[in-house]
Amino acid sequence: MTVVYRDYARAKTGVVLGMAGWQLGIVVLAGLPILVTLQTRHWAGMVIAIVQWLIVFALTVVPVRGRSAVGWLIAVTATLVGRMFGWTRFRAKAATGSVRDPRAVDLPGVLSGVEIHDGPPRGPLMQRPAVIQHHAAKTWAMTASAVHPGIRLSEADDRARFGRGLSEMLEAVARSELVEEVMLMVRTVPEDPTERQRWIERHRSKAGPQLARRVNDELATFLARAAVRTEIFVTFVVPETRIARPAKEFGGGREGRARALYNAAEELEAHLRGGVGMSAVSWLTSPELAAACRTGWAPGDRAAITEAMSRADGDGNVDAAIPWAMAGPSGAEAQGRHYSHDAWNSVSSAILLPDKGAVMGALAPFLTPGPAERRSLLVVYPVLRQRDAQRKSAKKEWSADIGDELRRRVGSKPRAGAQRDNAQARALDGKLADGNAMTLPWAVCTTTAPRSASIAEYAHRLDTAIRGAGFSSLRMDLAQDAAFAASVVPLGVSLTRARGTL
């Protein structure tokens, strides 16, 4: 039997009737002139006050594509100021010949505060996984490259087991009270035959039959047109406020924080290989992470990187490592509805959960790229600590009670959606008492296409795929650069950490 996951509610609930505290305050203050004119029986002034109150209410409360009019005004003003001062344009130091340290990270926008450290040696191979420090957000992170066999051919019981494994992993993360967010990123691109051709050159026998060789080459060419390459990255983020104390037990400083992250990585890896069903999990070193970032900005560079790595295996004089000074784009510019970087354009859309629920594997249609297209999907699980979850649950239950009481007093019948949300809010406290974790998941999907193609057409195809899978999409207008950095570059950038909502 297929399991439908629908036990979720809105991540943010208003204090009264869906309004936040600041919205409620503005609406109440704007309504005071109505009471004054009513008391003085100044009927003409009361009509004017009511019209003014309706305008303020619409500008403050009524959402337009996910934001209020005030929010749009602030976003547009910030964008215009950024363009005026050149903050929305980026030019790499390597492109201008001003690189002083090749190991220094040179990335645009929200990634400008990132620094990559080599962690202490780990494991029998004495590898040094990369430790990601984000100075602006005051967080630490690690990224792993993972391999999953997929669930397309899995039975319903296996899919349900994977779902339980993910829940158990998030509950373990919540109990540790160290990791703040777990990010799962999937990037899909049309298959690049470079790696296979290099393998054939090394292993093909010269004495083989010519007919078999020709049939194999034609079959490989045909399959390469329809094949899709998938990359999976798992990133966990730890804020400085949580890691400072555990780091002291390991000697403090940067090395102490790295060792605390190693312990969290081992625990997370056990769940990924176990219940989640990952067949391989490899924590990326600094050169491997730089290559993953570079192919995120420029998908077409993967063939050259693969060729260089293949030659480096047989020739010690070939250096295939990408310096961090060249891991980003040579140039980038944030547009209103898309993001331009190097010879590519990208469009990102937020994915809204459907009211009717979703089944395991429902996100698969998002990850089917077209010719010369790359799709990327990021699913983030911000895990709340137990006391924060209980506080949020109490706020939701209080808001539900206030809303029901106000509707009862004015004689308004609650809608079916409101009844469902209130029932979920009241049942949440019992689930937390049973030991379940609270998470506020969100997802962003990005399409990347060459600049020579129409990015609007690719964006329309992405939105069509999202709607066809039963979800709703919301274009990340005026925030395309941040959405791209979060959903394509596996460096632990979040869109919710600053404001608490998408």
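FYI, it's all coordinate maths here, none of it is from the lab. Please read all numbers here as calculations on a predicted model, not as lab measurements. As a convention, Cβ positions derive from the backbone with ideal geometry for all residues, glycine included, and neighbour counts pool all protein chains shown.
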For this session: Provide the per-residue ³J(HN,Hα) series for segment 340-357, in order, calculated from phi with Karplus coefficients 6.51, -1.76, 1.60 and θ = phi - 60°, each as a whole number of Hz, with x at glycine and proline positions.
Result: 9, 8, 6, 9, 10, 10, 9, 10, 10, 9, 6, 10, 9, 5, x, 5, 7, x
Exercise. Using modelled amide H (1.01 Å from N, peptide plane; none on Pro or chain starts), what sits under 5 Å from the amide H of Val359, excluding residues fewer than 5 places away?
Worked result: Tyr5
Problem set entry | Partner lysines for Lys396 [C-alpha distance under 18 Å; skip if fewer than 8 residues away on the same chain] | Lys12, Lys431
Problem set entry | Loop-located trypsin sites (Lys or Arg not before Pro) in segment 143-222 whose Cβ has at most 14 other Cβ within 10 Å (DSSP) | Arg152, Arg204, Lys206
Exercise. Residues in segment 435-454 near a label at Leu352, defined as backbone nitrogen under 18 Å from the 7 Å Cα→Cβ point?
Worked result: 441-446
Seminar exercise, completed: Taking Cα pairs closer than 8 Å and at least 6 residues apart, the relative contact order of the chain in percent is 22 percent
Exercise. Ordered by residue, what ³J(HN,Hα) values in Hz, to whole numbers, does segment 239-247 give under the Karplus form 6.51 cos²θ - 1.76 cosθ + 1.60, where θ = phi - 60° and Gly and Pro are x?
Worked result: x, 4, 5, 8, 8, 4, 5, x, 5
For this session: Would you please name the chymotrypsin sites (Phe, Trp or Tyr not before Pro) within segment 255-304 that are DSSP coil residues with at most 13 other C-beta atoms within 10 Å of their C-beta?
Result: none
Exercise. Roughly how tilted is helix 194-203, in degrees to the nearest 10 and between 0 and 90, from the longest Cα axis of the chain?
Worked result: 30 degrees
For this session: Would you mind calculating the relative contact order of segment 225-342 from Cα pairs under 8 angstrom and at least 6 residues apart, reporting the percent as a whole number?
Result: 15 percent
Problem set entry | Under 5 Å, built H, 5+ apart or other chain: amide partners of Ser330 | Asp342
Problem set entry | Coil-residue trypsin sites (Lys or Arg not before Pro) of segment 299-392, DSSP, other Cβ within 10 Å capped at 11 | Lys356
Problem set entry | Furthest towards positive pole of dipole, Phe236, Thr37, Gln127, structure part the chain, Cβ charges | Thr37
For this session: Apply the Karplus parameterisation 6.51 cos²θ - 1.76 cosθ + 1.60, with θ equal to phi minus 60°, to every residue of segment 444-450 and state each ³J(HN,Hα) to the nearest whole Hz, in sequence, with x for glycine and proline.
Result: 9, 10, 10, 10, 10, 9, x
For this session: Would you mind getting me the FRET efficiency between Asp434 and Ala207? Use the beta-carbon distance for r and R0 = 51 Å, nearest 0.05.
Result: 0.15
Exercise. What angle do you read, to the nearest 10 degrees and between 0 and 90, between the alpha-carbon axis of helix 43-60 and the longest principal axis of the chain?
Worked result: 20 degrees
Problem set entry | Relative frequency of Cα-Cα separations exceeding 43 Å in the chain, percent | 24 percent
Seminar exercise, completed: Charge dipole of the chain built from unit charges on the beta carbon (Lys, Arg +1; Asp, Glu -1), centred at mean Cα; most positive-end Cα among Pro490, Thr446, Val4 is Val4
For this session: Quick one: which residues, 5 or more positions from Thr143 or on another chain, have an amide H under 5 Å from its amide H? H modelled 1.01 Å from N in the peptide plane, none for Pro or chain starts.
Result: Leu284
